[in-house]
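Participant: Let me begin by handing over the structure; questions about it come next.
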Amino acid sequence: MWNETTVFVAPESVLDIIRWLHDDPSQRYDYLADVTAVEYRDLELPIEVVWHLRSIPYRRFLRVKAQLTKNRPLEIPSVWSIYKSADWLERECFDMFGIKFVGHPDLRRILMWEQYREGYPLRKDFPLRGRFSRAEQLRQALSANPEARYSMEELSIADAFEDLPTDMRQRLKRGERTGE
Amino acid sequence: MATQKRTVEVALSTTGVDAQGQPQRVPLVTADDGSAVAVEAPPAIEPDLAGEHMLINIGPQHPATHGVLRLVLELDGETVVRCIPHVGYLHCGFEKIGEYRQYNQIIPWTDREDYLNSIGNNVAFSLGAERLFGVDITPRCTVLRVIAMELSRIISHLVWLGTTCIDIGAFTPFLWSFQERENVYNLLESWVGARLTTTASRVGGMAADIPDGWLEGLRNFIRTFPKTIDEVDRMLTKNGIWVGRTIGLGVMTPDEALNWGLSGPMLRASGVDYDVRKDFPYLDYETYDFDVPVGTSGDVYDRYLVRMEELRQSVRILQQAADRLPDGPVNVDDPRLILPPKSKATSEMESMIHHFKLVMEGPRPPIGESYVAVESPKGEKGYYMVSDGTSKPVRWRIRPPSFVNLSAIPKMVEGHLLSDVIAINASIDIVMGEIDR
């Protein structure tokens, strides 16, 4: 019923292989269902990045996996240039695991807020209740900059820019983000 | 008929003043009897309104965003130039919590992510876990689950219909659809005891069999519900206001829709014939006789038509499922998974051991992974589970259809008016519980 085939690829060649899967007329995996990652409880094991691909014309399903060892920076090529659906899925994966998708145009946190400092929640070394105490979380929430509700990019829109404090305008011109 | 040309002063007319502030002189063409026949309009002087763009913030506390979605819009006049969505206000960490729970204990969490489709999520999660455990469910359970999934599809589409009507300005279909939704919730309540957060399925079966006479209630619903669809259909489908507010908005071409990863009614409205029930069937959906509606233009109006037709097709599936429901046990006969009856657990040694092991330790799947996708009302909902042989999953991942569908909203609203953003956002059918998880 369910045809679950898993293919392990080297992290460097992910982009080439997925591009071939997408473009080749005998493959035509034109639908990227999911991008996610798996970290095992055994912390020695590498983190796996998982792509779930579907071929709508041929009705096929394929799981592509790449293993990232932890002694090197967690970086992997982004497939955003092939599938636009990777946009938010890769952002979420970055948010939750800290895996950098090289080539993604707008890789920033999506579910957690941009100023979140506690780390990457779905990593196994992240405690279930969070890394900071309740008191520290409350202190951070109360001392947050209310301007941080908008990103610098948004504040650059027209009128809002003129109403900003001078230092913020200068930071904006340097291309900085809010909440720092 | 000869015409005579003369020039008149139009100082009092609205078309105004020339660049020097003098009244404009326009040629007026008159017929022989002196009556005017045509006036060449002077070139109107456009005031320079272009210039500053405006920043508009919608949400997170705004009824038309269907939850805690926040959209930051850059407007040129009333036209959207750019849209920056923000999500995450409802992030609860379901996937993290799931790593600390046994498989049956995760099922209540699936209620709470897409809370309009809770019983469908329960079933989908159980399917994924059963694939991991390598269990085949009983025939009666299969049909019961089909009934559960189609009922939850009806609930979700009815909520979509009602809230979208309210967003666009029609109130009556909201009342009609919520009345029918109450009927479905009454059915669910008499089956599993809960209305919204059902927790109806278990790994290897269901929490409960349907009570006596329940099928009569279902048949009654199947008989009366199409009348409501027809009423809403008559009210909206050819309604000038409805058509004017929805047609040509948020168009996605088939290639774009596939590339952006849209699924469910969003993808089918764009003309891609892809339904998980047909293409990657589960729960014996291939044996049911139903059609998959496919749109042509991929705008808000087509999404509405596709969802209305899906309601009718769900009724067809429910009818067939009610007719074929076989007798027999609901749960699999596997003491590794299913609790023994209480009477046996207190009287037999083996049953007591099974009961103890199941409660204290939980069922343990073999090492492996499974990705099971079902056609939820919002689209392809997948559950990806990785097991390392213990009773708790290493990784439990929800593939959220609304999340991926919503990621296309900056593309869809670009160039439309501010009021159309509300209609386009409504047509995506988002549930923030599922987006933020």
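Participant: Enumerate the pairs (first residue in region A:17-31 and surrounded by 20 or more Cβ atoms within 10 Å (Cβ to Cβ); second residue anywhere and of a type in the set (D, E, K, R)) with beta-carbon separation below 8 Å, excluding pairs fewer than 6 apart on the same chain, so at least 6 apart or on different chains.
Facilitator: A:Y29/A:R54; A:Y29/A:R60; A:D30/A:R54; A:Y31/A:R54
Participant: Can you confirm whether region B:157-168 contains a residue that is free of Cβ contacts under 8 Å to residues at least 40 places away in the same chain, away from chain A (no Cβ under 14 Å) and buried (at least 22 other Cβ atoms within 10 Å of the Cβ)?
Facilitator: Scanning region B:157-168 turns up at least one residue that is free of Cβ contacts under 8 Å to residues at least 40 places away in the same chain, away from chain A (no Cβ under 14 Å) and buried (at least 22 other Cβ atoms within 10 Å of the Cβ).
Participant: Looking only at region A:34-56, count every residue that is without any contact (Cβ under 8 Å) to a residue 60 or more places away in the chain, closer than 20 Å to A:S13 by Cα and facing chain B (nearest Cβ under 9 Å) and tell me the total. Please lay out each step first, then the result.
Facilitator: Keep residues of region A:34-56 that are without any contact (Cβ under 8 Å) to a residue 60 or more places away in the chain, which gives A:34-36, A:38, A:42, A:44-56.
Cutting the leftovers down to closer than 20 Å to A:S13 by Cα gives us A:34-36, A:38, A:46-54.
If we keep only those that are facing chain B (nearest Cβ under 9 Å) as well, we get A:34, A:36, A:38, A:48, A:50, A:52, A:54.
Qualifying residue count, region A:34-56: 7.
Participant: Further, regarding this structure: Of the residues B:E130, B:E113, B:E74, B:E78, which single one is in contact (Cβ under 8 Å) with a residue 40 or more places away in the chain, farther than 23 Å from B:S190 by Cβ, among the acidic types (D, E) and open to solvent by 10 Å² or more (accessible area, probe 1.4 Å)? Spell out how you get there, then give the answer.
Facilitator: Values: B:E130 fails: open to solvent by 10 Å² or more (accessible area, probe 1.4 Å); B:E113 fails: open to solvent by 10 Å² or more (accessible area, probe 1.4 Å); B:E74 fails: in contact (Cβ under 8 Å) with a residue 40 or more places away in the chain.
Answer to the selection: B:E78.
Participant: To continue, here is another question. If you scan region B:346-379, which residues turn out to be under 26 Å from B:E286 (Cβ atoms) and either open to solvent by less than 10 Å² (accessible area, probe 1.4 Å) or part of a loop (DSSP other than H, G, I, E, B) (or both)? Lay out the reasoning, then the answer.
Facilitator: Let us first name the residues in region B:346-379 that are under 26 Å from B:E286 (Cβ atoms), namely B:368-379.
Answer for region B:346-379, where residues must be under 26 Å from B:E286 (Cβ atoms) and either open to solvent by less than 10 Å² (accessible area, probe 1.4 Å) or part of a loop (DSSP other than H, G, I, E, B) (or both): B:S370, B:Y371, B:V372, B:A373, B:V374, B:E375, B:S376, B:P377, B:K378, B:G379.
Participant: Just one of (1) open to solvent by 50 Å² or more (accessible area, probe 1.4 Å); (2) modelled with pLDDT under 90; (3) within 12 Å of chain A (Cβ to nearest Cβ) trips up B:H86, so point out which.
Facilitator: It is condition (1) that B:H86 fails.
Participant: With the requirement that a residue be away from every other protein chain (no Cβ under 14 Å) and either of a type in the set (S, T, N, Q) or closer than 26 Å to A:L62 by Cβ (or both), what does region B:339-376 give you?
Facilitator: B:S343, B:T346, B:S347, B:S351, B:P365, B:P366
Participant: Now for a separate question. Tell me which of these B:T224 doesn't satisfy, since it passes every other one: (1) open to solvent by 60 Å² or more (accessible area, probe 1.4 Å); (2) more than 19 Å from the chain's Cα centre (by Cα); (3) β-branched (V, I, T).
Facilitator: Going through the list (1) open to solvent by 60 Å² or more (accessible area, probe 1.4 Å); (2) more than 19 Å from the chain's Cα centre (by Cα); (3) β-branched (V, I, T), B:T224 breaks only (1).
Participant: If you don't mind, another one. What residue, among those in region A:101-119 that are of a type in the set (D, E, K, R) and within 17 Å of B:I84 (Cβ to Cβ), is modelled with the lowest pLDDT?
Facilitator: Among them, the one singled out is A:E114.
Participant: Filter region A:94-122 for residues that are hydrophobic (A, V, I, L, M, F, W, C) and in a loop (DSSP other than H, G, I, E, B); which is surrounded by the most Cβ atoms within 10 Å (Cβ to Cβ)?
Facilitator: Just the residues of region A:94-122 that are hydrophobic (A, V, I, L, M, F, W, C), to begin with: A:94, A:96-97, A:99, A:101-102, A:107, A:110-113, A:122.
So of that shortlist, the ones also in a loop (DSSP other than H, G, I, E, B) come out as A:99, A:107, A:110-113, A:122.
Numbers: A:I99: 22, A:L107: 19, A:I110: 27, A:L111: 22, A:M112: 18, A:W113: 17, A:L122: 21.
Within region A:94-122, the match that is surrounded by the most Cβ atoms within 10 Å (Cβ to Cβ) is A:I110.
Participant: Continuing with the same structure: Among the helices (runs of 4 or more DSSP H) contained in region B:202-306, which hold 3 or more residues that are at negative phi and of a type in the set (A, V, I, L, M)?
Facilitator: Numbers: elements: B:214-236, B:240-246, B:254-259, B:265-269, B:276-279.
The qualifying helices (runs of 4 or more DSSP H) are B:214-236, B:265-269.
Participant: Taking only region A:110-122 into account, find how many residues are on the phi < 0 side of the Ramachandran plot, touching a residue at least 12 places away in the same chain (Cβ under 8 Å) and more than 8 Å from chain B (Cβ to nearest Cβ).
Facilitator: Number satisfying all stated conditions: 5.
Participant: What about B:A322, is it surrounded by fewer than 24 Cβ atoms within 10 Å (Cβ to Cβ), more than 13 Å from chain A (Cβ to nearest Cβ) and aliphatic (A, V, I, L, M)? Break it down stepwise before answering.
Facilitator: Details: surrounded by fewer than 24 Cβ atoms within 10 Å (Cβ to Cβ): yes; more than 13 Å from chain A (Cβ to nearest Cβ): yes; aliphatic (A, V, I, L, M): yes.
Criteria met by B:A322.
Participant: Oh, and also: Kindly provide the set of residues from region B:380-418 that are open to solvent by 10 Å² or more (accessible area, probe 1.4 Å) and touching a residue at least 40 places away in the same chain (Cβ under 8 Å), ordered by number.
Facilitator: Taking region B:380-418 as the starting set, the residues that turn out to be open to solvent by 10 Å² or more (accessible area, probe 1.4 Å) are B:388-392, B:410-411, B:414-418.
Hits for region B:380-418 are B:S391, B:K392, B:P410, B:K411, B:E414, B:G415, B:H416, B:L417, B:L418.
Participant: Let me ask you something else. With A:V49, A:V35 as the choices, which residue is touching a helix residue (DSSP H, G or I) at 6+ places or on another chain (Cβ under 7 Å) and buried (at least 16 other Cβ atoms within 10 Å of the Cβ)?
Facilitator: Details: A:V49 fails: touching a helix residue (DSSP H, G or I) at 6+ places or on another chain (Cβ under 7 Å).
The match here is A:V35.
Participant: Please determine, by comparing only the residues of region A:123-162 that are at pLDDT below 70 and more than 10 Å from every other protein chain (Cβ to nearest Cβ), which one is surrounded by the most Cβ atoms within 10 Å (Cβ to Cβ).
Facilitator: Checked region A:123-162; the qualifying residue surrounded by the most Cβ atoms within 10 Å (Cβ to Cβ) is A:M152.
Participant: Got at least one residue in region A:57-67 being surrounded by fewer than 19 Cβ atoms within 10 Å (Cβ to Cβ), at pLDDT 90 or above, more than 13 Å from every other protein chain (Cβ to nearest Cβ) and part of a strand (DSSP E or B)?
Facilitator: yes
Participant: Right, another one. Pick from region B:380-399 the residues that are of a type outside the set (K, R) and more than 9 Å from chain A (Cβ to nearest Cβ): which of them is nearest to the chain's Cα centre (by Cα)? I'd like the intermediate steps shown before the answer.
Facilitator: Looking only at region B:380-399, we keep the residues that are of a type outside the set (K, R), and these are B:380, B:382-391, B:393-394, B:396, B:398.
This time we only want the ones that are more than 9 Å from chain A (Cβ to nearest Cβ), so: B:383, B:385, B:387, B:389, B:391, B:393, B:396, B:398.
On the way: B:Y383: 17, B:M385: 24, B:S387: 30, B:G389: 35, B:S391: 33, B:P393: 28, B:W396: 22, B:I398: 16 Å.
Going through the qualifying residues, I end up with B:I398.
Participant: Can you pull out the residues in region B:300-317 that are under 15 Å from the mean Cα position of the chain (by Cα) and under 21 Å from B:N239 (Cα atoms)?
Facilitator: Pass one, region B:300-317, residues under 15 Å from the mean Cα position of the chain (by Cα): B:300-311, B:314.
Hits for region B:300-317 are B:V300, B:Y301, B:D302, B:R303, B:Y304, B:L305, B:V306, B:R307, B:M308, B:E309, B:E310, B:L311.
Participant: Please specify each residue of region B:328-345 satisfying the condition of being part of a loop (DSSP other than H, G, I, E, B) and either closer than 18 Å to B:G217 by Cα or hydrophobic (A, V, I, L, M, F, W, C) (or both).
Facilitator: Filtering region B:328-345 for residues part of a loop (DSSP other than H, G, I, E, B) gives B:328-341.
Matches in region B:328-345: B:V330, B:V332, B:L337, B:I338, B:L339.
Participant: Select from region B:260-297 the residues that are closer than 19 Å to B:L161 by Cβ and not hydrophobic (A, V, I, L, M, F, W, C) and list them in ascending order.
Facilitator: B:G264, B:P265, B:R268, B:P293, B:G295
The values are calculated or read from the model by the stated rules, or taken from the named source; none is laboratory data. Just so you know, these numbers come straight off a predicted model, no measurement behind them. Neighbour counts are summed over all protein chains in view; Cβ atoms, including those assigned to glycine, are modelled from backbone coordinates with ideal geometry. Side chains included, ligands, DNA and RNA excluded: accessible areas come from the protein's heavy atoms. Shrake-Rupley method; radii C 1.70, N 1.55, O 1.52, S 1.80 Å.
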